[in-house]
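Here is the structure we will look at, set down as structure tokens.
The values are calculated or read from the model by the stated rules, or taken from the named source; none is laboratory data. Because the structure is a prediction, the values reported are computed rather than measured. Here the Cβ positions follow ideal geometry from the backbone for every residue, glycine too, while neighbour counts run over all protein chains shown.
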Amino acid sequence: MVFSSLPFLFIFISLTCLFYFAFRSLRWRNGVLLFASLVFYSWGEPRLVLLMALVVLAAWAGGLGIDALKDRPKARRACFIATVFLITLNLAVFKYLGFLVSNINGIFGPVLTVPVIELPIGISFYTFQILSYVIDLYKGNVGVQKSFPRLLLYVSFFPQLIAGPIVRYSTVESEIGRRKEDVNEIAWGLRRFITGLAKKVIISNGVARFAEIVYAGDPQVYGRLMYWLAAIAYSLQLYFDFSGYSDMAIGLGRIFGFHFLENFDHPYVSCSITEFWRRWHISLSTWFRDYIYIPLGGSRVSRGRWFFNIMVVWSLTGLWHGASWNFVFWGLYYGLLLALEKLVTGRLMAKLPRPVSWLITMFIVILGWTLFDLTDPAALSTALRTMFAGGPFRPMDVLAANTGIIEGAFYIPLGLIFMFPVGKLFKRIESSAPGLILANLWSAALLILCCVYMFGSSFNPFIYFRF
Amino acid sequence: MKTAVNAVFAAGVLTALLTGLGKAALLPEDINEYENRYMEQFAPLTVESYLDGTFQEQAEKALADQLPWAIDAKKSYNTAVSGFTGSVFDALTRGYREAAAAEDARRLEEEKKAEEERLAAEEKALQEAKDAEEKAALEAKLEAERQAREAEIRLQNELSRGIYRGVRNEVKVDSAERYFTLPSGRLVYKEHLMYENRFLAGEQKKLDDHIEAINSMVERHPEITFYTYYIEKETDVNFQTGERSGIFEYLHDNIDLPDENKRGFLIDRFSDFDAWFFKTDHHWCGTGSYRGYTQVLDMILPGEAPLEPLEYTEIGKLSGSKATGTDTERYTETVGVWSYDFKPVTITLNGEKSSEYGRQLAYIQRIKDGGTPLENAKYGAVYGPDSGEAKFENPESDNGSILILGESYDNALLMLLSQHFSKLYSVDLRNYKAQTGKVFSFDSYVKEHGIDRVLLIGNLDYYVLQAFILK
């Protein structure tokens, strides 16, 4: 089930809230959330919900083992490795086995049958969450969770299950067992949810239409300008979709008394690639930093080893996004750029006027998203060729090809405005009582507008099917 | 104060969502007046419907129809988008269109001049013709050329007026009767929107699966008389080259039934297709479906007199499935229905009694009462919906019972055929489980209802889609 759908709004969230707040005891409330989360996942993946439960069961049993073997370090380590191996193996089989076999066949000829395995939605997100629990438990950063339902609730909690953010166990450890919901927090959560919903339904879906029309059309008709606009539109789509989902997750979490960390901090205002990755999908970047990069030695190693560490982390970041070579190249693209920035270009960029460094950064980011978007090598090659050596803009031909592009184009300026932190103005307004009334009325109006969009348009791309 | 404001807000949002759900689930409506079709309903929640996703799918569709103001919201959205798109399009292309109009005027002037010169030349040639035979041949040739020119002009006018709203010069209209592709990718032949041809080679494997299921069913039930009826459409014939799909012939050769029990709605030439099918929709029109009815009746009850069509009434405009979602969305056509002297039958749709199947009679009455013609009629609303199960009981007939397994094409026949059988059951396998909450088992169904005859009827999709395979 996706947040930006009528069943989620009118069936799922309304009934979950109704039953959740009907109980006073936290045990029952957690029970409602766990049941709702399993329904949420099973809505689209009725059978694969069992797989998720099994992986959590492995982590829960592994966690108990790690805790019980405190006095036997070798056995404890073996238990830890076995648990991590099992959890990672699940991800490897479901997400990467087909890719691996295809590559083996590519090298040695058709020696193996490529397995057709359905990718469980959100597997990358929930695997990383479970791993964070096991690793932090092993390191002694969190306590063992003896209750299986509570651990299952942590992993399957519907706000963050299919599109993140990757919530670490340490973030919600105490709130699973003790939390307090407050009407002001609930209202804040609702407003945040509606903001995220509007980002997704109105802006992201709007600009997505533009990119889709251009990439599906004849490059000779659209030419250089429209291909660049399509790349910008896709970059906006990705940001408003992903950050919209994160807003909705954070808002929903708050309604039920959970405080998730921010996942996006206006990444498109960045003036360097390092800054961009500090602001984009923060929960993923910090996960890789804390669980891969630093254990590999981080930057406190020789230059050669540091470069190796960077490339490993970024190729894995690329692979995390999808089992395909273009994601690996996309990861390596950023690994190289970040290494280069650290060694040479970072100092140069810092000396440039901010608008210039911003433009350079955005150029790199937009190019990166094009690499990320077009998984078909032929389509990617056509797009890059057209972006850099395409023909001129032929407005009449573009309009003749598909008038739907007019509607898509309408949302690009909106996206360009709202990618800057203009929302902070609204937050200031909320501090006074009349301002709060206005903010609530605005949110209610925005929710109605979102519903109109959901009724009127069936175009609602779901970009997380690869994760 | 802040807490009170927030409490009102949170409670208000939750109440609105729950009220919407309550209305959609407990007070569902039947007819979507905006789109002229039956409204989607929630499917019964069972373990099976949940596991195979039909409950979820149907819930999404039902909410989109049944929530309060859903239709108004959809209408407003569509009006706003098309208004915005249309005005921006008009503003952006004004200069171009003015230039094109000037160019058209210049071209017309030139054509007029050329026509005058041609007429003068024709006159001269006729005067110079030596004898009566040569003169007659020349006149015939000139007349044929004139008709070809007029046909091309008519086609050009039709296209520029209706189908294609964009830059007209981009559309390559060809007087040699060729298919061409609109910028959206939609094929056009003459004034019909078309689907691409499909041939036996590409469909054979799926056809074999269906044939195997049909033959197995026929073998298991010697007590039942089976009939198949294949409806050809434009995918079966290439009007430009005359090439045929070969699918009807393949079905005919491989289904284990006597020849007289296997018939087809066959199309030999474009003029047939033009007369029997809508231009913007994939279904057959009133004339085509009546022809289908008479052929089916003749196959099942030879000698039985079919109902005669009484009066043709134009009920409004139709912009069908082929025109939806393309740059041809503004292309509409006139739709009319025939009235018949229907005897009263009892109709049950998905287990619930219904006063009508399809709104054809209501639409005719609406026009007769001076009502406004429909702006956008839909095949399903006019002739009847794709009901999972429809049952017609006719106390005046003693022809036994028949089960019709088909898809939307047969909707237009059900009321007509119901006049000839004591009990007519129609099952659309795509919707049966979602709308009735039961799994369809052919063996149990025919036993439970005492079925004497079974008719399998549909176009190519019916004979290749997995959803229609009999189990």
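Being modelled with pLDDT of 85 or more, loosely packed, with under 14 Cβ neighbours inside 10 Å and either part of a helix (DSSP H, G or I) or within 7 Å of chain A (Cβ to nearest Cβ) (or both), is that true of even one residue in segment B:85-101?
No: zero hits.
When you scan segment A:384-405, how many residues do you find that are away from chain B (no Cβ under 14 Å) and surrounded by 18 or more Cβ atoms within 10 Å (Cβ to Cβ)?
From segment A:384-405, those away from chain B (no Cβ under 14 Å) are A:384-392; that's our starting set.
Okay, now just the ones that are also surrounded by 18 or more Cβ atoms within 10 Å (Cβ to Cβ), so A:386-387, A:390.
Matching residues across segment A:384-405 total 3.
Confirm whether A:Ala439 is out of contact with any Gly (no Cβ under 7 Å at 6 or more places or on another chain), over 30 Å from B:Ser87 (Cα atoms), touching a residue at least 60 places away in the same chain (Cβ under 8 Å) and not polar (S, T, N, Q). It would help to see each step written out before you state the result.
Details: out of contact with any Gly (no Cβ under 7 Å at 6 or more places or on another chain): yes; over 30 Å from B:Ser87 (Cα atoms): yes; touching a residue at least 60 places away in the same chain (Cβ under 8 Å): yes; not polar (S, T, N, Q): yes.
Considered against the rule, which asks whether it is out of contact with any Gly (no Cβ under 7 Å at 6 or more places or on another chain), over 30 Å from B:Ser87 (Cα atoms), touching a residue at least 60 places away in the same chain (Cβ under 8 Å) and not polar (S, T, N, Q), A:Ala439 comes out as yes.
Out of curiosity, is A:Phe23 aromatic (Phe, Trp, Tyr), without any contact (Cβ under 8 Å) to a residue 24 or more places away in the chain and within 14 Å of chain B (Cβ to nearest Cβ)?
Working: aromatic (Phe, Trp, Tyr): yes; without any contact (Cβ under 8 Å) to a residue 24 or more places away in the chain: yes; within 14 Å of chain B (Cβ to nearest Cβ): no.
Here the answer is no, as A:Phe23 does not meet what is asked.
Residues A:Pro395, A:Pro421, A:Pro377: which one is closer than 16 Å to A:Phe210 by Cβ and in the same structural domain as A:Tyr215 (by TED's automatic domain parsing)?
Values: A:Pro421 fails: closer than 16 Å to A:Phe210 by Cβ; A:Pro377 fails: closer than 16 Å to A:Phe210 by Cβ.
Among A:Pro395, A:Pro421, A:Pro377, only A:Pro395 is closer than 16 Å to A:Phe210 by Cβ and in the same structural domain as A:Tyr215 (by TED's automatic domain parsing).
Find the residue count for segment B:447-470, including only residues that are in a helix (DSSP H, G or I), touching a helix residue (DSSP H, G or I) at 6+ places or on another chain (Cβ under 9 Å) and either among the hydrophobic types (A, V, I, L, M, F, W, C) or more than 19 Å from B:Glu219 (Cα to Cα) (or both). Outline the logic, then answer.
At the first step, the residues of segment B:447-470 found to be in a helix (DSSP H, G or I) are B:447-449, B:460-464, B:466-468.
When the remaining residues are screened for being touching a helix residue (DSSP H, G or I) at 6+ places or on another chain (Cβ under 9 Å), the result is B:460-464, B:466, B:468.
If we keep only those that are either among the hydrophobic types (A, V, I, L, M, F, W, C) or more than 19 Å from B:Glu219 (Cα to Cα) (or both) too, we end up with B:460-462, B:464, B:466, B:468.
Qualifying residue count, segment B:447-470: 6.
For a quick check of your reading of the model, give me the residue pairs whose first member lies in segment B:239-254 and is in the same structural domain as B:Ser216 (by TED's automatic domain parsing), whose second is hydrophobic (A, V, I, L, M, F, W, C) and assigned to a loop (DSSP other than H, G, I, E, B), with beta-carbon atoms closer than 7 Å and at least 6 apart or on different chains.
Here the result reads B:Ser245/B:Phe199; B:Gly246/B:Phe199; B:Phe248/B:Leu266, each pair linking segment B:239-254 to a residue that is hydrophobic (A, V, I, L, M, F, W, C) and assigned to a loop (DSSP other than H, G, I, E, B).
Could you count how many residues in segment B:1-16 are facing chain A (nearest Cβ under 7 Å) and of a type in the set (A, V, I, L, M, F, W, C)?
7
Would you please list the contacts, defined by Cβ atoms under 6 Å and residues six or more apart or on different chains, that run from a residue in segment A:245-268 that is in the same structural domain as A:Gly189 (by TED's automatic domain parsing) and of a type in the set (Ser, Thr, Tyr) to a residue that is assigned to a loop (DSSP other than H, G, I, E, B) and buried (at least 23 other Cβ atoms within 10 Å of the Cβ)?
Matching pairs, first to second residue: A:Tyr245/A:Ala163; A:Ser246/A:Pro165; A:Ser246/A:Asn263.
Look through A:Phe426, A:Phe459, A:Phe372 and report the one residue that is surrounded by fewer than 16 Cβ atoms within 10 Å (Cβ to Cβ) and away from chain B (no Cβ under 11 Å).
Numbers: A:Phe459 fails: away from chain B (no Cβ under 11 Å); A:Phe372 fails: surrounded by fewer than 16 Cβ atoms within 10 Å (Cβ to Cβ).
Every option except A:Phe426 fails the conditions.
Across segment B:46-74, what is the total count of residues that are free of Cβ contacts under 8 Å to residues at least 24 places away in the same chain, within 8 Å of another protein chain (Cβ to nearest Cβ) and either assigned to a helix (DSSP H, G or I) or closer than 25 Å to A:Leu446 by Cβ (or both)?
Going through segment B:46-74 one residue at a time, the tally reaches 7.
Given segment A:336-433, what helices (runs of 4 or more DSSP H) lie entirely inside it while holding 1 or more residues that are at pLDDT 90 or above and at negative phi?
Values: elements: A:346-351, A:354-373, A:377-389, A:395-401, A:404-418, A:423-429.
Because the criterion is at least 1 residues that are at pLDDT 90 or above and at negative phi, the helices (runs of 4 or more DSSP H) in segment A:336-433 that meet it are A:354-373, A:377-389, A:404-418.
Looking at (1) crowded, with 19+ Cβ neighbours inside 10 Å; (2) at pLDDT below 95; (3) over 22 Å from A:Phe3 (Cα atoms), which one does A:Pro267 not meet, given that it meets all the others?
(2)
When you look at A:Val167, is it more than 14 Å from every other protein chain (Cβ to nearest Cβ), touching a Leu at 6+ places or on another chain (Cβ under 6 Å) and among the hydrophobic types (A, V, I, L, M, F, W, C), yes or no? Step through it out loud before you land on a result.
Working: more than 14 Å from every other protein chain (Cβ to nearest Cβ): yes; touching a Leu at 6+ places or on another chain (Cβ under 6 Å): no; among the hydrophobic types (A, V, I, L, M, F, W, C): yes.
No; evaluated as a whole, the condition is false for this residue.
Could you tell me which of the residues B:Phe392, B:Phe421 is closer than 26 Å to B:Pro44 by Cβ and aromatic (Phe, Trp, Tyr)? Spell out the reasoning first.
On the way: B:Phe421 fails: closer than 26 Å to B:Pro44 by Cβ.
The conditions single out B:Phe392.
So which residues in segment A:188-230 are β-branched (Val, Ile, Thr), over 21 Å from the mean Cα position of the chain (by Cα) and within 11 Å of another protein chain (Cβ to nearest Cβ)?
Result: A:Ile213, A:Val221.
Counting only residues that are part of a helix (DSSP H, G or I) and either within 14 Å of A:Phe158 (Cβ to Cβ) or small (Gly, Ala, Ser) (or both), how many does segment A:1-11 have? Break it down stepwise before answering.
Filtering segment A:1-11 for residues part of a helix (DSSP H, G or I) gives A:6-11.
When the remaining residues are screened for being either within 14 Å of A:Phe158 (Cβ to Cβ) or small (Gly, Ala, Ser) (or both), the result is A:7-9, A:11.
Residues in segment A:1-11 being part of a helix (DSSP H, G or I) and either within 14 Å of A:Phe158 (Cβ to Cβ) or small (Gly, Ala, Ser) (or both): 4 in total.
Looking at A:Phe418, is it more than 10 Å from chain B (Cβ to nearest Cβ), under 19 Å from A:Ala233 (Cα atoms) and not aliphatic (A, V, I, L, M)?
Details: more than 10 Å from chain B (Cβ to nearest Cβ): yes; under 19 Å from A:Ala233 (Cα atoms): yes; not aliphatic (A, V, I, L, M): yes.
Taking the combined requirement at face value, the residue satisfies it.
Check B:Asp281, B:Asp268, B:Asp274 and return the single one that is under 20 Å from the mean Cα position of the chain (by Cα), farther than 19 Å from B:Tyr463 by Cβ, in a helix (DSSP H, G or I) and not small (Gly, Ala, Ser). Even if it seems obvious, please write down each step before you answer.
Details: B:Asp281 fails: in a helix (DSSP H, G or I); B:Asp268 fails: in a helix (DSSP H, G or I).
Being under 20 Å from the mean Cα position of the chain (by Cα), farther than 19 Å from B:Tyr463 by Cβ, in a helix (DSSP H, G or I) and not small (Gly, Ala, Ser) holds for just one of B:Asp281, B:Asp268, B:Asp274, which is B:Asp274.
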